[in-house]
Amino acid sequence: MSNGNMNLTLKVWRQSNSTAAGKMENYQLGGVSPDMSFLEMIDMLNEQIIRKGEDAIAFDHDCREGICGMCSMFINGEAHGPNRGVTTCQLHMRSFKDGDTIYIEPWRAEGFPVVKDLMVDRAAFDRIIQSGGFVSVNTSGRTMDANAIPIPKDDADKAFDAATCIGCGACVATCPNSSAMLFVSAKVSQFALLPQGHPERKERVLNMVKQMDEEGFGNCSNIGACEVQCPKSISIENIARMNREYLSASVKPEN
Amino acid sequence: MKLDGKIPEGPLDQKWTKYKNSVRLVNPSNKRNIEVIVVGTGLAGSSAAASLAEMGYKVKAFCFQDSPRRAHSIAAQGGINAAKNYMNDGDSTYRLFYDTIKGGDYRSREANVHRLAEVSASIIDQCVAQGVPFARDYGGLLDNRSFGGTQVSRTFYAKGQTGQQLLLGAYSALSRQIGKGSVKLYNRHEMMDLVVVDGKARGIIARNMITGEIESHSGHAVVLCTGGYGNVFFLSTNAMGSNVTAAWRAHRRGAAFANACFTQIHPTCIPVSGDHQSKLTLMSESLRNDGRIWVPLHKEDAEAIRAKKLKPTDLPEERRDYYLERRYPAFGNLVPRDVASRAAKERCDAGFGVNATGEAVYLDFASAIMRYGKTAATVQGVHNATEDQIRELGTKVVEGKYGNLFQMYEQIVAENPYKTPMMIYPAVHYTMGGLWVNYELMTTVTGCYACGEANFSDHGANRLGASALMQGLADGYFVLPYTIGNYLADEISTGAISTKTTEFVEAEKAVRERLEGLFKTTGTETVDTYHKKLGKIIWDYCGMARNKQGLEFAISEIRKIREDFYKNVKVPGGMNGVNTELEKATRVADFIELGELMCLDALERNESCGGHFREEFQTEEGEALRVDEAFSYVAAWEFTGDPSAPKMNKEDLIYENIKVQQRSYK
Amino acid sequence: MGLFTSSLIKKYWMAATGLFLVSFLVVHAGINAMIFFNDGGETFNEWGHFMGTNLIVRTMEIGLFLGLILHIVDGLMLYFQNRKARPIKYAYNKPSASSTWYSRSMALLGTLILIFLVIHLKDFWLKTRVTGLTVMPSHVKIDGVMHENLFAEMLLVFKNPMAVVIYLLGCFSLFWHLFHGFRSAFQSLGLNHRKYASTIELAGSVFSIVISILFASMPVAMYLGWVK
């Protein structure tokens, strides 16, 4: 089971800090088991590197079950690697062959500066949410009863689908324009579909798009790579919905 | 150390109301001058930080992840309990309270649990108002499902991602406050120590994980919402970064650590496949609603299956042992988590395990598929349906219910669970133990609070499914914001707290020296090597079953690991900049000390209760045997300076409203 | 809010001007298709005369140029901003795994179309508006009114095989540009819905094919002498 037999050549981006120049380094790794997750393979590589007394490869990861959105590797030219609907931590080595060469790079975008090696700074996403990705209710619990407003199941389901975004940034990483529209539109859509989000819907979309633009992300030209590589398969229908919301908010800013 | 639970007087169902009516308040102009540090941004931390900021306090929020949204609350799958009684099936605040106390095997505090049940309904209202997309029925109203250990449907859910949706709700509330400037966020910061000035918690020392700087941060109170310590086992369903350091450092500064040995082993996880494994993945408990758990009845069959000479699907019914249905006919596959986990271990230890490691049992959906298939065929008017047709229809139904879980399983194991039974094995999932807190959620360090999984308070010796999310949000939104005022009312004239005082300077220096010390070894062992060693010992001797001899052995082994760690661990890189190995090393160092405390706690508790199963204390049928006369207390451990010699303090548990009984699920 | 500062407003301009240019293509292709009456260019020249002299049409021509310029300027702004959004490229990228080449090449295709357009305007528009036709005689009398013999000019231009090749390349670029641009415009304006998406996609594909083949068939037909 765990007897690994794959030998791999790994080309990994190494960069010591945000201001240093980086480059691709080559590593040989043997004894890789097909049952390993991709990150466990990196763990193994790091053990090898540390034992040599060198600096381990820094990479973001946390839950390792595809939900926290922390892992973020551009593997062989694709965000989260070759499989669809999974994050890097859910990718397993059985998706590769013995003797393969694997390129591993950080997300590349002006809005996501590299912190070290494969780690990038995604605080831009947080700032976008801070600019309007919420419903302004206070936290007293003295709101109306949860069942006071029935919500059509279809709307609730669509809102849920949009809300499953894990904020990993694969959409930006894979978009040839480094656009963050899929991320922003998922949040805008979630609240646009729910009555709770309606009082602020115009202000919200205007503010969030403004912040998105300030962060240096590119523009959307409807290429659609984002929805293909999104580990949660979020649809670009959400981008269309955001375009509608923004258009209506621009034409008539007051509610 | 004197433990004062500060439980309000009066009848159980009026304690919280009376408390709220008489608690001291801080007026808005004074709140502006009071700073509160919140460490951790999971459900408890995000909701607490957002609520405190909303009330007018100045809040500093810390998380080690790159964003508050990534805290491990996000991974909770099943749901959140609330006594809404929308289903009209007889649920009430009292029933939720009762189920939680009973589920916790009578080792939690009545007053705290009742308060939890009281505020549970508000959580759902709050979350819906924030735009959390809970599952709804076709009438547009909220849907509920049932969970293990209860007889009502009170669990609200958002498919298999309830934790994610709730956390994103709390994160959005927090983000709103950050946007307003009322919360200052310190992401990628790890708390390294608690600073106590004149007996009061006044700040923390944190390491900036990007620059490596050691920073002092001051506040009038410190709230720890830093989650559980399941990662002490190395392999657990916790996130890789989940750690005990914040709580442990507070413990070393005077906060008592309670019931450290109460850990929850979740029965349905994907089994370990090899040494390379870094973490375990949970399969939602909801699967036990339809899956039947079994192992081969005969050892020869189990051996043949392990050697891959026999397929499980080839084994006829009469050669299978549906051991949960056999042992617990009333609850069957739906017994509480601790019972199900132990039963699986018992079978595997007896040699009936089914994967290569011998540590797995089957969770079989074949009969559910056929059952649903027959119903579907009837509904669709397919007469004389063939077996294949029925199976196909049933597969669709099961896919609709558990599709994403089955997919996840196939992704990891590379087997199709629609065709061959899933393999599962118990794994560490949650820790009921944690920092001791009083009714106000204050630890034994004045001004230092603990919320969510980081405290010990509400789940006793075993937590029921869908109650962790409830507790995290209850503490953060509705409990702490009231209780902290009672303390901060005395702080209105304190003024800003300087970080230049001796206490801060010394604490900062100590942290720096502690970290620098890790580079001074000449060893070659990686941090993970120690972590794996520690985890294996805890799993083997302080896991699903414990005994005196094993625990004593474990304690001596852990001491050796600790000694060896400081001599031979290899941490590459330096203090400055990102150093992921240094982060791991500081966490593992604290896990080693905690591991010893867990074993000491388990050794001291000469009874079996909930997740703590001492082999010496069991009934003739092998069920847990509680010893209420002697152990109906909370063991709150005090740090004495020597990690091997903590002092135990007892808080007696008094049950005035519930009749303590032996749990029975037969 | 500026008319061009927001990324979304830029999208709207791109979509609106794009759809406007599409409407022009319909008219342009419709009128040019008159050559297939094969009546020695009589119907075609009549329409050409109308288009060249009608005041409303001439006013709209200004709008057309403005729309075109806006489409180009907006496109260039998007292009350069998008390049800036990824200062360091991937060492190994495999965009084909998740998107089509033409959706990623709108700027390139647009540039090719622009180059073609310059040639095309020099061939016809410049002559009718400024320098006068090169073909002799340049005018023909229809129903007693003198008309520019644009049809003859076309025959002249498309005698040259190089010109035919350039026009075919232009149509090829136009096809792919429209193939992505048509459905993209609807998406940009927020008109993407499970219910209508497939219809829009089909309409876009049919439109791109019909328009491009129609345009391409003209130089080919003239060169091969099908239309005289």
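Read-outs: derived from the displayed coordinates by stated rules, not from any lab. Not measured: the values here are computed from a predicted model. FYI the Cβ positions are ideal-geometry reconstructions off the backbone, even for glycines, and counts take in every protein chain you see.
Cross-link candidates for B:K60: which lysines have Cα within less than 16 Å, leaving aside residues fewer than 8 places away along the same chain?
Qualifying lysines at Cα under 16 Å: B:K31, B:K180, B:K184.
Test of understanding: ordering B:V361, A:V188, B:V627 by Cβ neighbours within 10 Å, fewest first, what list do you get?
Fewest-to-most ranking of B:V361, A:V188, B:V627: B:V627, A:V188, B:V361.
By how many degrees, 0 to 90 and rounded to 10, does the Cα axis of helix C:55-84 deviate from the longest principal axis of chain C?
Rounded to the nearest ten degrees, it is 30.
Starting from the Cα of B:K650, draw a straight line to each of the lysines and keep only those under 18 Å, dropping any in the same chain fewer than 8 residues away.
Cα-Cα hits under 18 Å: B:K2, B:K6.
Going 7 Å from the Cα of C:L169 toward and past its Cβ, which residues in the range C:115-145 have a backbone nitrogen under 12 Å from where you end up?
The answer is C:115-117, C:119.
Return the calculated 222 nm mean residue ellipticity for chain C, to the nearest 500 deg cm²/dmol, obtained by summing -39500 (n - 2.57) across DSSP H runs with n ≥ 4 and dividing by the residue count.
Numbers: 8 runs with 153 residues, N = 228.
It comes out at -23000 deg cm²/dmol, rounded to the nearest 500.
Tally Lys and Arg at +1 and Asp and Glu at -1 over the other residues with C-beta under 14 Å from the C-beta of A:S250: what net charge comes out? Working shown, then result.
Values: positive: A:R201, A:K202, A:R204, A:K210, A:R244, A:K252, C:K10, C:K11; negative: A:E203, A:D213, A:E245, A:E254.
Summing Lys/Arg as +1 and Asp/Glu as -1 gives +4.
Compute the angle between helix B:527-541 and the longest alpha-carbon principal axis of chain B, please, reported from 0 to 90 degrees and rounded to the nearest 10.
Approximately 60 degrees, to the nearest ten.
Taking springs between alpha-carbon atoms closer than 10 angstrom, which of C:L55, C:L214, C:L78 fluctuates most in the Gaussian network model of chain C?
With Cα springs under 10 Å in chain C, the top fluctuation among C:L55, C:L214, C:L78 is at C:L55.
Straight-line reach from B:K666: which aspartates and glutamates have a Cα under 18 Å away, not including same-chain ones fewer than 8 places off?
Within the straight-line limit of under 18 Å, B:K666 reaches these aspartates and glutamates: B:D99, B:D105, B:D321, B:E325, B:D338, B:E346, B:E620, B:E621, B:E623.
Can you classify the range B:331-373 as rounded, prolate or oblate using the Cα gyration tensor, where a ≥ b ≥ c are the square roots of its eigenvalues, rounded means a/c under 1.5, and otherwise it's prolate if a/b beats b/c and oblate if not?
On the way: a/c = 3.54, a/b = 1.45, b/c = 2.45.
It is oblate, given that a/c is not under 1.5 and a/b is not larger than b/c.
Under a point-charge model restricted to the Cβ atoms of Lys and Arg (+1) and Asp and Glu (-1), what is the dipole moment magnitude of the protein assembly as shown relative to its Cα centre, in debye to the nearest 20?
Roughly 1760 debye, rounded to the nearest 20.
How large is ³J(HN,Hα) for each residue in the range B:243-260, as worked out from phi by the Karplus curve 6.51 cos²θ - 1.76 cosθ + 1.60 (θ = phi - 60°), to whole Hz, x for Gly and Pro?
For the range B:243-260, the Karplus-derived couplings read 8, 9, 3, 4, 5, 5, 5, 5, 4, 5, 9, x, 7, 5, 10, 9, 6, 4 Hz, x marking Gly and Pro.
Scan the range B:560-665 for trypsin sites (Lys or Arg not before Pro) in coil per DSSP, keeping those whose Cβ has at most 10 other Cβ atoms within 10 Å, and list them by number.
B:K659
Distance check, please: which entries in B:K279/B:K419; B:K509/B:K560; B:K279/B:K345 exceed 23 angstrom between their Cα atoms? Walk me through the intermediate numbers first.
Details: B:K279/B:K419 26 Å; B:K509/B:K560 27 Å; B:K279/B:K345 19 Å.
Exceeds cut-off: B:K279/B:K419; B:K509/B:K560.
Can you give me the relative contact order of the range B:268-426 as a percent, contacts being Cα pairs under 8 Å and 6 or more apart?
Details: 221 pairs, mean separation 45.9, N = 159.
Relative contact order of the range B:268-426: 29 percent.
Do the alpha carbons of any pairs in A:K187/C:K94; A:K116/A:K210; B:K532/B:K647; B:K584/C:K84; B:K18/B:K401; B:K299/B:K536 sit beyond 32 Å of each other, and which pairs? Don't skip to the answer; put the middle values down first.
On the way: A:K187/C:K94 28 Å; A:K116/A:K210 28 Å; B:K532/B:K647 28 Å; B:K584/C:K84 37 Å; B:K18/B:K401 44 Å; B:K299/B:K536 26 Å.
Exceeds cut-off: B:K584/C:K84; B:K18/B:K401.
Roughly what would the spin-label model give for C:L68 and B:V379, points 7 Å off Cα along C-beta, in nm?
With each label placed 7 Å out from Cα toward Cβ, I get 6.1 nm.
Can you pull out the chymotrypsin sites (Phe, Trp or Tyr not before Pro) in the range A:1-75 whose DSSP state is coil and whose Cβ has at most 16 other Cβ atoms within 10 Å?
The qualifying sites: there are none.
With a/c under 1.5 counting as rounded, go ahead and sort the range B:477-572 into rounded, prolate or oblate using the C-alpha gyration tensor (a ≥ b ≥ c being the square roots of the eigenvalues; past the cut-off, prolate if a/b is larger than b/c, else oblate).
Verdict is oblate for the range B:477-572.
Please compute the length gained on full extension between B:E615 and B:Y566, using 0.36 nm multiplied by the number of residues separating them and subtracting their Cα-Cα distance.
Difference between extended and current length: 14.3 nm.
Cα centroids of the range B:429-500 and the range B:357-406: how far apart, whole angstrom?
If we compute the Cα centre of each part, the gap is 45 Å.
Which chymotrypsin sites (Phe, Trp or Tyr not before Pro) from the range C:186-227 combine a DSSP loop assignment with at most 16 other Cβ atoms within 10 Å? Provide the component values of the computation, followed by the final result.
On the way: sites: C:F186, C:Y196, C:F207, C:F215, C:Y223, C:W226; in loops: C:W226.
Here the chymotrypsin sites (Phe, Trp or Tyr not before Pro) that fit, given the DSSP loop and packing criteria, are C:W226.
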